[in-house]
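J.: Take a look at the following structure, please.
The values are calculated or read from the model by the stated rules, or taken from the named source; none is laboratory data. Fair warning: this is a prediction, and the values are worked out from it, not measured in the lab. No Cβ is skipped: glycine too gets one built from the backbone with ideal geometry, and neighbour counts run over all protein chains shown. When the accessible area is computed, the model is the full protein with side chains, heavy atoms only, and any ligands, DNA or RNA have been set aside. Shrake-Rupley method; radii C 1.70, N 1.55, O 1.52, S 1.80 Å.
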Amino acid sequence: MEMLGEGLASAGCIFHPIDRPSDGVVDAAAALLIQWPDQIFWRRDTGPFSQTLKELWALSRWKRQGKRIIWVVHNIKPHELEREDRLVWQLLTSGLSLLVDGFMTLGSDTRGQVLDAFPLLRLKPVGTFWHPAYTNVIRPTPLARMRREALGIKEGDRLIGSLGTVGDYKGLPELIHIFRKLEQRHFRLLIAGLPRTPKARDDVLAAASDDQRIILHLDHMTENLFAENFAACDRHILPYRDYLHSGSIVYAACGERPLLTPVTPFALQYSKIVGRGWITCYDGMLSTKTLQNFIEGEAPSKRPNLEQLEPGQSGEAIASFVREISQSR
């Protein structure tokens with residue numbers, strides 16, 4: 001959100017973050033951007049169904065006051081959506097699809113997935129902006145070396161990282177099982193992040209078992225610790241495929257570490273944007289051969305190209321889309 005705010009500011013806009021539409025209409029606003037409608041499941045101060053009705057009614061108030069409503073579709077569905085919440089999510093997204101003046105994706109190649117999931121959006125204008133590049137994520141080599149020492153990584157070891165919240169959809173137990181089949185003792189695996197559920201924690205712990213090559217840090221990480229752990233790794237792997245857009249993929253390129261991840265429209269498109277060798281996509285299930293080749297492979301000779309991910313370009317794309325929608329009515 002901070003990066004988008006900076007990008008919009010550079011495009012001559014004023015970005016006013018709000019929590020929920022029901023907090024009240026911002027009189028000076030030309031448009032309301034909605035990126036996290038699944039917020040209704042994050043807090044349980046009221047029931048999701050009641051909150052959904054409240055937010056949809058609030059959105060209708062924004063429209064009655066002439067505000068343009070744009071849905072930045074980040075996810076097709078919330079991760080680990082409870083069964084009893086699925087109908088609520090369908091109600092919310094159907095209402096959103098009818099109320100919004102347009103929608104945006106973080107990649108042109110993900111539009112098909114969005115329209116398949118939300119067919120009511122087919123008659124709405126669509127725009128695209130690239131996920132802005134993260135700043136201040138690279139750490140100096142001496143600091144990365146110190147972090148490796150703290151993790152018990154010896155000189156000559158190859159450390160592979162999978163960082164971020166630990167969830168059932170991320171395929172971490174499967175990654176661990178594949179990694180354990182590799183015989184190289186100098187290969188190490190770091191999994192770090194706060195588990196979303198007790199089951200996610202238990203599954204990772206059970207999969208790692210007694211393999212001393214695997215380092216688990218199943219806890220919250222500060223932004224700085226995340227960056228240090230990231231820099232300490234030689235390469236990274238994100239084995240999950242059930243997603244629409246991923247900031248983690250962009251972070252890997254910004255941190256200048258090669259990444260291995262399954263084939264998805266988002267991953268393929270961003271692999272072309274940042275340049276050859278930085279994002280390696282594999283089709284089907286991960287194999288020991290694919291993982292070993294990735295770990296032993298050479299790093300790209302050129303730095304990743306982040307020019308298209310400059311926040312100002314994202315801000316200008318959003319501002320242009322708002323103007324386009326405003327002029328069409």
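J.: Ala150 is checked against (1) open to solvent by 50 Å² or more (accessible area, probe 1.4 Å); (2) under 30 Å from Ile70 (Cβ atoms) and fails just one. What number does that condition carry?
T.: (2)
J.: Sticking with this one: If you check Phe41, Phe15, which single one turns out to be without any contact (Cβ under 8 Å) to a residue 12 or more places away in the chain and either closer than 23 Å to Phe266 by Cα or hydrophobic (A, V, I, L, M, F, W, C) (or both)? Steps first, answer last, please.
T.: Details: Phe41 fails: without any contact (Cβ under 8 Å) to a residue 12 or more places away in the chain.
Phe15 is the lone residue from the list that is without any contact (Cβ under 8 Å) to a residue 12 or more places away in the chain and either closer than 23 Å to Phe266 by Cα or hydrophobic (A, V, I, L, M, F, W, C) (or both).
Every residue, every condition in (1) in contact (Cβ under 8 Å) with a residue 12 or more places away in the chain; (2) open to solvent by less than 20 Å² (accessible area, probe 1.4 Å); (3) part of a helix (DSSP H, G or I), yes or no:
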residue	(1), (2), (3)
Ile176	yes, yes, yes
Gln212	no, no, no
Leu216	yes, no, no
His236	yes, yes, no
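J.: In addition: Could you list, in sequence order, all residues of the stretch 260-316 that are touching a strand residue (DSSP E or B) at 6+ places or on another chain (Cβ under 7 Å) and exposed (fewer than 14 other Cβ atoms within 10 Å of the Cβ)?
T.: Selection gives Val263 alone.
J.: Consider Arg111 against the criteria (1) open to solvent by less than 20 Å² (accessible area, probe 1.4 Å); (2) part of a helix (DSSP H, G or I): it satisfies all of them except one. Which criterion is unmet?
T.: All conditions are met except number (1).
J.: Looking at Leu123, Leu81, which one is out of contact with any helix residue (DSSP H, G or I) (no Cβ under 8 Å at 6 or more places or on another chain), within 24 Å of Phe266 (Cα to Cα) and without any contact (Cβ under 8 Å) to a residue 60 or more places away in the chain?
T.: Numbers: Leu81 fails: out of contact with any helix residue (DSSP H, G or I) (no Cβ under 8 Å at 6 or more places or on another chain).
So the residue among Leu123, Leu81 that is out of contact with any helix residue (DSSP H, G or I) (no Cβ under 8 Å at 6 or more places or on another chain), within 24 Å of Phe266 (Cα to Cα) and without any contact (Cβ under 8 Å) to a residue 60 or more places away in the chain is Leu123.
J.: Would you check which residues across the stretch 112-146 are of a type in the set (Lys, Arg) and touching a Phe, Trp or Tyr at 6+ places or on another chain (Cβ under 9 Å) and list them? Steps first, please.
T.: Initially, the stretch 112-146 is screened for residues of a type in the set (Lys, Arg), giving 122, 124, 139, 145.
Residues satisfying the conditions are Lys124, Arg139.
J.: When you look at Ile76, is it of a type in the set (A, V, I, L, M, F, W, C) and open to solvent by less than 30 Å² (accessible area, probe 1.4 Å), yes or no? Spell out the reasoning first.
T.: On the way: of a type in the set (A, V, I, L, M, F, W, C): yes; open to solvent by less than 30 Å² (accessible area, probe 1.4 Å): no.
In short, no.
J.: Related question: Does Arg180 satisfy being in contact with a Leu (Cβ under 6 Å, 6 or more places away or on another chain), under 17 Å from Pro239 (Cβ atoms), charged (D, E, K, R) and surrounded by 12 or more Cβ atoms within 10 Å (Cβ to Cβ)? Spell out how you get there, then give the answer.
T.: Details: in contact with a Leu (Cβ under 6 Å, 6 or more places away or on another chain): no; under 17 Å from Pro239 (Cβ atoms): yes; charged (D, E, K, R): yes; surrounded by 12 or more Cβ atoms within 10 Å (Cβ to Cβ): yes.
So Arg180 does not fit the description; no.
J.: Which condition from (1) in a helix (DSSP H, G or I); (2) over 23 Å from the mean Cα position of the chain (by Cα); (3) not aromatic (Phe, Trp, Tyr) is the one that Arg86 breaks?
T.: So Arg86 meets the others, but not (2).
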